Amino acid sequence: MNFEQRLEFIDSLPALPKINMPRAFTSAPLNQPPHDPSKATASVMPDTINTFLPGASQQIIDDVNLCKLVMKHAADSKYDDKKQKKEWFQEYVTGLSKIGWAFQNMSSQESTIRRVGLTMDQVAFEIARNLLTADAASILSKVAKDAVGAVKERPQAISIFNRNYKLGLETNFDISPAWVDNYGQANMVLNCISLNARESTRGVLFWKSTTKSTTVQTSAVRVYLDNRTFSGLRAKLISKYTDAANKFIDNLPDF
């Protein structure tokens with residue numbers, strides 16, 4: 001795909017929906033220090049927690065968040081992510097490829113994790129670790145746990161994450177680890193994880209399995225962001241989406 005086609009693709013993407021934030025969320029911003037790239041951090045979007053391992057700059061965090069939010073919404077506009085999971089995920093990752101994300105390997109499967117007391121961050125780690133580098137996998141478990149714990153403590157983050165959640169239905173969520181490679185490029189394992197969280201009355205964030213095994217349907221793909229391609233597209237994405245995107249994303253404090 002040439003550069004002009006990529007720009008035309010961005011023009012064709014749907015606008016993000018307009019939402020009214022609760023008054024408590026639109027008051028004075030939290031007195032949060034700037035991100036320290038030497039530390040891990042995370043961001044929250046609807047159904048999604050992006051976990052950033054140490055080494056990610058604020059620019060990389062913003063790029064990952066914006067790309068994922070826009071392409072998730074584009075996939076939502078075409079497919080039901082619960083009834084048409086494979087089609088939805090294919091639309092999502094294909095859209096990302098058109099704005100500079102390159103695929104490395106991909107897996108889609110139904111698997112059973114045999115453990116009582118399983119939490120969503122542990123499920124995500126089990127799914128992602130086979131697609132990670134050894135260094136990334138060694139710290140992902142702790143970062144994912146810290147991120148989920150931080151979300152639970154922030155009403156705004158809970159509200160954003162649960163925006164699409166409907167109690168009593170099968171739940172989809174995404175906890176994606178992201179890190180920076182030796183070329184300064186963002187790397188990530190994109191997840192789409194589906195499980196039955198009906199036993200939780202507060203949503204999948206607070207879910208903990210009470211049975212001896214949990215069956216999950218997953219799609220996962222290892223990707224990286226080609227800086228040469230994306231550098232020419234960043235400004236167009238920002239100009240089209242930044243104002244609306246800010247209402248769908250909550251950057252958490254560093255861990």
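The values are calculated or read from the model by the stated rules, or taken from the named source; none is laboratory data. Keep in mind it's a predicted model, so treat the numbers as computed, not measured. In this analysis, Cβ positions are derived from the backbone assuming ideal geometry, glycine residues included, and neighbour counts consider all displayed protein chains.
Points to keep in mind about this one:
- Residue tally, condition surrounded by fewer than 23 Cβ atoms within 10 Å (Cβ to Cβ) and among the hydrophobic types (A, V, I, L, M, F, W, C), over the stretch 46-55: 1
One line per residue, one yes/no per condition, for (1) among the aliphatic types (A, V, I, L, M); (2) surrounded by 21 or more Cβ atoms within 10 Å (Cβ to Cβ); (3) under 22 Å from GLY184 (Cβ atoms):
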| residue | (1), (2), (3) |
| --- | --- |
| LYS78 | no, no, no |
| ASP81 | no, no, no |
| PHE103 | no, no, yes |
| ARG115 | no, no, no |
| VAL123 | yes, yes, no |
| ILE127 | yes, yes, no |
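- Matching residues in the stretch 211-247 - criterion: being touching a Lys or Arg at 6+ places or on another chain (Cβ under 8 Å) and within 20 Å of MET188 (Cα to Cα): GLN217, SER219, THR229, LEU233
- Residue match in the stretch 176-183 (condition: surrounded by 14 or more Cβ atoms within 10 Å (Cβ to Cβ), within 21 Å of THR214 (Cα to Cα) and touching a residue at least 60 places away in the same chain (Cβ under 8 Å)): yes
- Residues (closer than 15 Å to ILE10 by Cα, surrounded by fewer than 16 Cβ atoms within 10 Å (Cβ to Cβ) and not hydrophobic (A, V, I, L, M, F, W, C)) located in the stretch 234-248: LYS236, SER239, THR242
- One residue alone among ILE193, ILE238 is within 29 Å of PHE103 (Cβ to Cβ), part of a helix (DSSP H, G or I) and in contact (Cβ under 8 Å) with a residue 40 or more places away in the chain, and that residue is ILE238.
- In the set (1) surrounded by fewer than 19 Cβ atoms within 10 Å (Cβ to Cβ); (2) among the acidic types (Asp, Glu); (3) assigned to a helix (DSSP H, G or I), GLU110 fails one condition alone, (3).
- Near pairs, Cβ below 6 angstrom, 6+ apart or cross-chain, from the stretch 32-52 (at positive phi) to any residue that is surrounded by fewer than 19 Cβ atoms within 10 Å (Cβ to Cβ) and not in a strand (DSSP E or B): ASP47/ASN164
- Of all residue pairs spaced 6 or more apart or on separate chains, those with beta-carbon atoms under 7 Å, a first member in the stretch 1-30 that is closer than 13 Å to LYS247 by Cβ and surrounded by 12 or more Cβ atoms within 10 Å (Cβ to Cβ) and a second member that is modelled with pLDDT of 60 or more and not small (Gly, Ala, Ser) are LEU16/HIS73; LEU16/TYR241; LEU16/PHE248; MET21/LYS247; PHE25/GLN156.
- Taken together, SER219, SER231, SER209 contain a single residue that is without any contact (Cβ under 8 Å) to a residue 40 or more places away in the chain and either buried (at least 20 other Cβ atoms within 10 Å of the Cβ) or of a type outside the set (Asp, Glu) (or both), which is SER231.
- So SER209, is it more than 19 Å from the chain's Cα centre (by Cα), at pLDDT below 90 and under 19 Å from ALA124 (Cβ atoms): yes
- Qualifying positions in the stretch 208-242 - in contact with a strand residue (DSSP E or B) (Cβ under 7 Å, 6 or more places away or on another chain) and within 24 Å of ARG154 (Cβ to Cβ): LYS208
- Selection status of THR214, modelled with pLDDT under 85 and touching a helix residue (DSSP H, G or I) at 6+ places or on another chain (Cβ under 9 Å): yes
- Hey, THR229 not charged (D, E, K, R) and not in a strand (DSSP E or B) or not: yes
- Identity of the residue in the stretch 49-64, assigned to a loop (DSSP other than H, G, I, E, B) and among the aliphatic types (A, V, I, L, M), that ends up modelled with the lowest pLDDT: LEU53
- Filter pass, ALA197 being within 20 Å of ALA144 (Cα to Cα), small (Gly, Ala, Ser), modelled with pLDDT of 80 or more and surrounded by 21 or more Cβ atoms within 10 Å (Cβ to Cβ): no
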